[in-house]
Amino acid sequence: MKERIKREKKTGRKILALLFVFVSVFCLVFFAARGKFETPVANTTTSLVLSPFQSVVSWAVTRLNFITSTVDDIMNVHEQNRLLLAEIEQLRAQNLAASEFEAENQRLRALLGYKEGATQFDLLPARVIGREASTWSSTIVINRGTADGVADNMAVVTELGLVGHVSEAGLNSSKVQLILDPRSSVGTLIQRPESRVAGIVEGDINNPTAPKMVNIPKNSDVIVNDVIVTSGFGGIYPKGIIVGHITDIKNDEGGLLKVALVETNVNFQKLEDVAIILQSREAPPAPLQQTEVQQSGQQTNSK
């Protein structure tokens, strides 16, 4: 009995499959012959039979077009995003380069202004290209050497003040000993006219970022904020270059002299461009005023 039921089910499935095939072929034939046989019954029957298939096909085509369009949009957005990111990186690099050029131009203009004002010096601009690891706060390396006329013991400055002197001149680069070096010593004066106290500025081994002024007599007229300039003693540093100003005054260990703490005008942590004094001359005298010229002429005539 069970086998009979199974056979009937299989037979029913075969009949349905054949019927589906028959209807499909019928539909295809009528669909293909629509242009040849213009009968209302045929058109109506074909429309009724093909309507579900057309709806399914139309829905599938619509979804496929939507998916294709969405994928294209996503790809376009991804490509545009990639191009925009690349453009942003390029603009960022250009902005950094422009900022660096602007900062360099400002430093060079300041150095040029100092060069034009300090007519008693023949200055050679140079760039800091390195620092020695073992003497980070004491020695720098610049991109000028003997090929540019640089020699040992030439003073090095910026528009703000004294930097140090050339300790070792190479062919295309040189080492500069900073005034922060404990081995350095600079003859200095208090710039204030009523003081003019002499002393020596040297590096402080206990404070690598600030030197000190030593050998100041105990009863000397030295006060906080006094400006310190080079004295010209010793033959390395020309007279009148600003070193810094006094921030504090203490008695030395012996009690007979004073020691002044100095804040330099130059920020040695940000040092990038300097100038080498190739030659120093006395500053030219101030131009004579008109009255002085007339008096000089009268004295000449009276003689």
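Bear in mind that the values in this text are calculations on the coordinates, not laboratory data. Since the model is a prediction, treat every value here as computed from it, not as a measurement. Note: ideal-geometry Cβ built from the backbone for every residue, glycine included; neighbour counts use all protein chains shown.
Things worth noting here:
- Over 21 Å apart at the Cα level, from the set Lys250/Lys270; Lys212/Lys258; Lys175/Lys258; Lys115/Lys239; Lys115/Lys212; Lys212/Lys250, are Lys250/Lys270; Lys175/Lys258; Lys115/Lys212.
- Net charge of neighbours whose Cβ lies under 10 Å from the Cβ of His245, counting Lys and Arg as +1 and Asp and Glu as -1: -2
- Linear extension gain, Asp73 paired with Ala210, 0.36 nm per residue minus alpha-carbon span: 43.0 nm
- Neighbour counts of C-beta atoms inside 10 Å place Ile179, Ile74, Ile236 in the sequence Ile74, Ile236, Ile179, starting with the fewest.
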